[in-house]
Amino acid sequence: MRMNQQAFQFQHSESLDFCDLLAEFDQFGSRSIFEKPGDIPYFINEFWTARQRQASNLHEVSYRACFKPQLPRFFIDRLTEPGDLVYDPFMGRGTTLIEAGLAGRVPLGNDSNPLSRILAGPRLKPIDLTAIQVRLAEIPFGQFPPPASEELLVFYHPETLADLQGLRGWLLDRQASGQMDDVDRWIQMVAINRLTGHSSGFFSVYTLPPNQAVSVKRQAIINQKRNQSPPRRDIPTLIMKKSRQLLKEGGMPDAKARLYCGPADQTRQIADDSIALTVTSPPFLDVVDYQADNWLRCWFAGIEVETVAISHYKKLEDWQDFVRRSLTELARITRPGGHIAFEVGEVRGGKILLEEAVIAAAQNLPLDLLAVMINQQDFTKTANCWGVSNNSKGTNSNRIVIFRKSN
Ligand SMILES: C[S@@+](CC[C@H](N)C(=O)[O-])C[C@H]1O[C@@H](n2cnc3c(N)ncnc32)[C@H](O)[C@@H]1O
């Protein structure tokens, strides 16, 4: 069911501006396709792409199900002005916040996992490479007393593990005594990012990519299959190397970011009618197990994984209720005329279209539905958009529901 691009009608003139922009978008060579199945306006195009300008290196901290920096940037550039508040209630590694800060907006973020604040916070402030080097020279690597956890020897050479425990002990002590500063936080963030991975740039022996640590048992099997044992790694050198990469373009100007840790539907610290734009993606049903994936990172940061309330829903109705609670809170804090770009991936082989559940969840809230955007590289294959032969394994194309807070 394809419609003429001029044929769609919207109630608000501001809404029309953004929808016009989507309809006319042709930056990557093709005009958008407009469809309106079941009265929901869809725009399908390659709105952002790998061929686009390289995003800042500051993003290069891996996290499960993070989105490309070009996604939040698309909305930040078009729907906000410098100084506006840009928010992500499920911030993960902080992709939206970093783009907001780099664009001169004020980033605001929240996530129920404290790890998220540890990963995002340090990259939202200016930091000096020399200060990192000086601090690393002060840290008593390898000399810290706590006994090595035998289990972790499947990942680390015994001396690397001693160094790692030295670093962990130092950081947790500084935190407990209130001495932890921005330099410590930066080192903690980089170390967490280097804990495990599949190259010599990580502290561990070869394992899965860094955003999902396998269990000890599984790593023992990987070691056996590959006939490998953990090599000695130089932790301070690897931390400096990664810091240089992250700060290649000079880092972040002081973005005055505010970060919270808690459920997305309870953010009383954020004032009514204050947010210009939210760009976010919630956990998609039970696709990613953030707790299991992050066990080693949480260990290093001294976070008890079991205490982290990460939403995980198997049934679509339960997920929709959770989305409704989150949207209710977003409707409270978004300023009239402000926007919400709510991204959901493709799940269950495209058999469930999560955007439909998001739209149903917003019923009777003071939010106007503007459109659903589908960012798809090979977007001429529209049948794919409706789940006919979608990616069964992942969430390769982005499906984004755009709301505007009613005036
Ligand atoms: C899809 S990820 C977001 C990734 C993010 N867009 C990025 O680029 O890094 C979803 C995040 O939601 C968080 N989360 C899960 N349940 C939550 C809840 N009820 N409230 C707030 N955050 C939650 C998870 O910890 C995870 O970081």
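Being in contact with a helix residue (DSSP H, G or I) (Cβ under 6 Å, 6 or more places away or on another chain) and either modelled with pLDDT of 95 or more or closer than 17 Å to GLU343 by Cβ (or both) is the requirement here; does GLY142 meet it?
On the way: in contact with a helix residue (DSSP H, G or I) (Cβ under 6 Å, 6 or more places away or on another chain): yes; either modelled with pLDDT of 95 or more or closer than 17 Å to GLU343 by Cβ (or both): no.
The answer is no for GLY142.
So which residues in segment 54-66 are touching a residue at least 12 places away in the same chain (Cβ under 8 Å) and open to solvent by 10 Å² or more (accessible area, probe 1.4 Å)?
Quick first cut of segment 54-66, residues touching a residue at least 12 places away in the same chain (Cβ under 8 Å) only: 55-66.
Residues satisfying the conditions are ALA55, SER56, ASN57, GLU60, SER62, TYR63, ARG64, ALA65, CYS66.
Residues that are within 20 Å of GLY338 (Cα to Cα): list the helices (runs of 4 or more DSSP H) wholly contained in segment 66-123 that include at least 2 such residues.
Qualifying helices (runs of 4 or more DSSP H): 70-79, 95-102.
Mind listing whichever residues of segment 162-181 are acidic (Asp, Glu) and exposed (fewer than 15 other Cβ atoms within 10 Å of the Cβ)? Walk me through it before giving the result.
Quick first cut of segment 162-181, residues acidic (Asp, Glu) only: 163, 173, 181.
Scanning segment 162-181 gives ASP173, ASP181.
Condition check ((1) touching a residue at least 24 places away in the same chain (Cβ under 8 Å); (2) buried (at least 20 other Cβ atoms within 10 Å of the Cβ); (3) among the acidic types (Asp, Glu); (4) within 16 Å of the ligand (Cβ to nearest atom)) across all residues:
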| residue | (1), (2), (3), (4) |
| --- | --- |
| ASP318 | no, no, yes, yes |
| SER326 | yes, yes, no, yes |
| GLU356 | yes, no, yes, no |
| ILE359 | yes, yes, no, no |
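With the condition kept exactly as written, say whether any residue in segment 113-120 is open to solvent by 20 Å² or more (accessible area, probe 1.4 Å), out of contact with any Cys (no Cβ under 7 Å at 6 or more places or on another chain) and outside the structural domain of ALA276 (by TED's automatic domain parsing). Break it down stepwise before answering.
Restricting attention to segment 113-120, the residues satisfying the condition of being open to solvent by 20 Å² or more (accessible area, probe 1.4 Å) are 114, 117-118.
Applying the additional criterion that residues be out of contact with any Cys (no Cβ under 7 Å at 6 or more places or on another chain) yields 118.
Then keep just the ones that are outside the structural domain of ALA276 (by TED's automatic domain parsing); that gives 118.
Yes, segment 113-120 contains at least one residue that is open to solvent by 20 Å² or more (accessible area, probe 1.4 Å), out of contact with any Cys (no Cβ under 7 Å at 6 or more places or on another chain) and outside the structural domain of ALA276 (by TED's automatic domain parsing).
Assess whether VAL61 counts as being among the hydrophobic types (A, V, I, L, M, F, W, C), over 23 Å from VAL190 (Cβ atoms) and more than 8 Å from the ligand (Cβ to nearest atom). I'd like the intermediate steps shown before the answer.
Numbers: among the hydrophobic types (A, V, I, L, M, F, W, C): yes; over 23 Å from VAL190 (Cβ atoms): no; more than 8 Å from the ligand (Cβ to nearest atom): yes.
Here the answer is no, as VAL61 does not meet what is asked.
Out of curiosity, is TRP295 within 14 Å of the ligand (Cβ to nearest atom), aromatic (Phe, Trp, Tyr) and open to solvent by 20 Å² or more (accessible area, probe 1.4 Å)? Step through it out loud before you land on a result.
Working: within 14 Å of the ligand (Cβ to nearest atom): yes; aromatic (Phe, Trp, Tyr): yes; open to solvent by 20 Å² or more (accessible area, probe 1.4 Å): yes.
Here the answer is yes, as TRP295 does meet what is asked.
Anything in segment 72-89 that is more than 16 Å from ALA255 (Cβ to Cβ) and either more than 9 Å from the ligand (Cβ to nearest atom) or surrounded by fewer than 24 Cβ atoms within 10 Å (Cβ to Cβ) (or both)? List them, or say none.
Of everything in segment 72-89, those that are more than 16 Å from ALA255 (Cβ to Cβ) and either more than 9 Å from the ligand (Cβ to nearest atom) or surrounded by fewer than 24 Cβ atoms within 10 Å (Cβ to Cβ) (or both) turn out to be PHE74, PHE75, ASP77, ARG78, LEU79.
Residues of segment 98-143 being within 9 Å of the ligand (Cβ to nearest atom) and closer than 19 Å to GLN266 by Cα, which ones?
Once the filter is applied, which keeps residues that are within 9 Å of the ligand (Cβ to nearest atom) and closer than 19 Å to GLN266 by Cα, segment 98-143 yields ASN110, ASP111, SER112, ASN113, LEU115, SER116.
All but one of (1) crowded, with 20+ Cβ neighbours inside 10 Å; (2) within 10 Å of the ligand (Cβ to nearest atom) hold for LEU277, so report the exception by its number.
(2)
Residues are listed down the side, and each one gets a yes or a no for (1) within 21 Å of THR130 (Cα to Cα); (2) open to solvent by 10 Å² or more (accessible area, probe 1.4 Å); (3) aliphatic (A, V, I, L, M); (4) not in a helix (DSSP H, G or I):
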{"residue": "TRP186", "(1), (2), (3), (4)": "yes, no, no, no"}
{"residue": "SER204", "(1), (2), (3), (4)": "no, no, no, yes"}
{"residue": "ALA213", "(1), (2), (3), (4)": "no, yes, yes, yes"}
{"residue": "ALA220", "(1), (2), (3), (4)": "no, yes, yes, no"}
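Look at segment 223-244 and say how many of its residues are open to solvent by 20 Å² or more (accessible area, probe 1.4 Å) and either charged (D, E, K, R) or assigned by TED's automatic domain parsing to the domain that holds PRO107 (or both).
7
Go through (1) in contact (Cβ under 8 Å) with a residue 60 or more places away in the chain; (2) outside any loop (DSSP other than H, G, I, E, B) for PRO231 and report which single condition fails.
Condition (2) is where PRO231 drops out.
The values are calculated or read from the model by the stated rules, or taken from the named source; none is laboratory data. The structure displayed is predicted, hence computed values, not measured ones. Quick reminder, even Gly has a Cβ in these numbers, built from the backbone with ideal geometry, and neighbours come from all protein chains shown. Areas reflect the complete protein model, heavy atoms only, side chains present, ligands, DNA and RNA absent. Shrake-Rupley method; radii C 1.70, N 1.55, O 1.52, S 1.80 Å.
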